[in-house]
1. Could you tell me which of the residues Ala7, Ala42, Ala3, Ala14 is over 18 Å from Leu134 (Cα atoms), in contact with an Asp or Glu (Cβ under 9 Å, 6 or more places away or on another chain) and not in a helix (DSSP H, G or I)?
2. For the structure I just gave you, tell me whether Leu189 is touching an Asp or Glu at 6+ places or on another chain (Cβ under 7 Å), in contact (Cβ under 8 Å) with a residue 12 or more places away in the chain and closer than 18 Å to Pro15 by Cα.
3. Among the residues of segment 1-26, what is the count of those that are within 11 Å of the chain's Cα centre (by Cα) and of a type in the set (Ser, Thr, Tyr)?
4. Which ones in segment 7-60 are in contact with a His (Cβ under 9 Å, 6 or more places away or on another chain) and of a type in the set (A, V, I, L, M, F, W, C)?
5. Here's a check for you: in segment 58-111, which residue that is outside any helix (DSSP H, G or I) and of a type in the set (Lys, Arg) is farthest from Gln210 (Cα to Cα)?
6. So Ala136 fits all but one of (1) surrounded by 12 or more Cβ atoms within 10 Å (Cβ to Cβ); (2) at pLDDT 95 or above; (3) small (Gly, Ala, Ser); (4) out of contact with any Ser or Thr (no Cβ under 7 Å at 6 or more places or on another chain); what number is the exception?
7. Within segment 122-133, count every residue that is surrounded by 13 or more Cβ atoms within 10 Å (Cβ to Cβ), within 14 Å of Ile103 (Cβ to Cβ) and of a type outside the set (A, V, I, L, M).
Amino acid sequence: MLAHQTACVIVGNAPPQPIFVEHFISVAEIKKNLMPDYDMLADKWLFQRLTRTFDQKLIKALPERSLEPHQVISININVETVFDTGFDKFVSRIRLKNSQPLILEMKLFDVISDIQKYYEAREKITRLGCRITLDAMDMQSLAVMDRELLSVDFLKINWKPEYQKMLGTAMEQKVIDAITTHGKMRIILCHCDSQAALDFGTTVGIHMFQGFLIDKKLKG
């Protein structure tokens with residue numbers, strides 16, 4: 001149930017250029033194999049608690065896998081997990097196999113639920129030489145998010161088809177300005193499962209993408 005997906009830079013008609021590979025516990029596989037009739041996402045707090053179990057399974061399993069030594073990798077992780085003794089051991093084991101900085105993807109919901117705890121985690125993460133992606137954001141929050149205040153390296157936006165309604169409106173220019181301010185190589189549009197997602201991202205100035213469509217493009 002451990003899955004992975006590659007985030008790529010796509011500019012114009014050029015082929016995708018891999019930037020990092022995200023490793024994660026597949027919720028879809030868990031649902032299919034263990035709880036096909038239960039909606040795990042219905043209760044946000046309950047699911048957040050469940051993801052802590054995912055963290056423990058991931059940090060134990062990933063170092064056992066064959067990893068490319070020069071490939072940048074990322075993992076989904078909760079703020080709380082950073083303080084577990086198992087996390088320190090995990091980082092040490094990953095460094096034995098991989099020379100690149102590890103990217104930690106933390107959900108916006110988790111970060112703002114205890115912002116002081118996040119800043120404490122950020123200090124430790126910085127000492128360990130890891131980077132942070134703020135995950136599970138929406139496009140509208142880009143204009144009000146202060147990336148430097150939270151000291152995060154990347155912002156990951158979940159693609160939604162309704163974003164297309166922004167095009168041709170005042171909101172489109174706000175999004176474009178926000179992306180320019182944050183840095184075009186700091187924004188990742190994920191869950192890209194259609195050409196519409198890629199077209200929208202390209203229109204507003206996004207260069208990094210992730211999702212099933214990108215997987216298909218990588219395979220040719």
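1. Working: Ala7 fails: over 18 Å from Leu134 (Cα atoms); Ala42 fails: in contact with an Asp or Glu (Cβ under 9 Å, 6 or more places away or on another chain); Ala14 fails: in contact with an Asp or Glu (Cβ under 9 Å, 6 or more places away or on another chain).
Step by step, each of Ala7, Ala42, Ala3, Ala14 is checked, and only Ala3 is over 18 Å from Leu134 (Cα atoms), in contact with an Asp or Glu (Cβ under 9 Å, 6 or more places away or on another chain) and not in a helix (DSSP H, G or I).
2. On the way: touching an Asp or Glu at 6+ places or on another chain (Cβ under 7 Å): no; in contact (Cβ under 8 Å) with a residue 12 or more places away in the chain: yes; closer than 18 Å to Pro15 by Cα: yes.
Here the answer is no, as Leu189 does not meet what is asked.
3. Here is the first cut: in segment 1-26, the residues within 11 Å of the chain's Cα centre (by Cα) are 5-7, 20-24.
Next, from what is left, pick out any that are of a type in the set (Ser, Thr, Tyr): 6.
Summing the residues that are within 11 Å of the chain's Cα centre (by Cα) and of a type in the set (Ser, Thr, Tyr) in segment 1-26 gives 1.
4. The initial filter retains those residues of segment 7-60 that are in contact with a His (Cβ under 9 Å, 6 or more places away or on another chain), namely 9-11, 21-24, 58.
Within segment 7-60, Val9, Ile10, Val11, Val21, Phe24, Leu58 meet the criteria.
5. Pass one, segment 58-111, residues outside any helix (DSSP H, G or I): 65-78, 84, 98-107.
Next, from what is left, pick out any that are of a type in the set (Lys, Arg): 65, 107.
Working: Arg65: 22, Lys107: 16 Å.
The extreme case among them is Arg65.
6. Among (1) surrounded by 12 or more Cβ atoms within 10 Å (Cβ to Cβ); (2) at pLDDT 95 or above; (3) small (Gly, Ala, Ser); (4) out of contact with any Ser or Thr (no Cβ under 7 Å at 6 or more places or on another chain), Ala136 violates only (2).
7. Quick first cut of segment 122-133, residues surrounded by 13 or more Cβ atoms within 10 Å (Cβ to Cβ) only: 122, 124-125, 128, 130-133.
The next check asks that each one be within 14 Å of Ile103 (Cβ to Cβ); those that pass are 122, 125, 128, 130-133.
From what's left, of a type outside the set (A, V, I, L, M): 122, 130-131, 133.
Number of matching residues: 4.
Each row is one residue, and each column tells you yes or no for (1) loosely packed, with under 13 Cβ neighbours inside 10 Å; (2) modelled with pLDDT of 95 or more.
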position: Lys32; (1), (2): yes, no
position: Met35; (1), (2): yes, no
position: Met40; (1), (2): no, no
position: Lys44; (1), (2): yes, no
position: Phe47; (1), (2): no, no
position: Leu50; (1), (2): no, no
position: Ile59; (1), (2): no, yes
position: Pro63; (1), (2): no, yes
position: Glu68; (1), (2): yes, no
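The values are calculated or read from the model by the stated rules, or taken from the named source; none is laboratory data. What you see is a predicted model, and the numbers here were worked out from it, not measured in a lab. Glycine also receives a Cβ, built like all others from the backbone with ideal geometry; neighbour counts cover every protein chain displayed. These area figures cover heavy atoms from the full protein model, side chains too; ligands, DNA and RNA do not enter into them. Shrake-Rupley method; radii C 1.70, N 1.55, O 1.52, S 1.80 Å.
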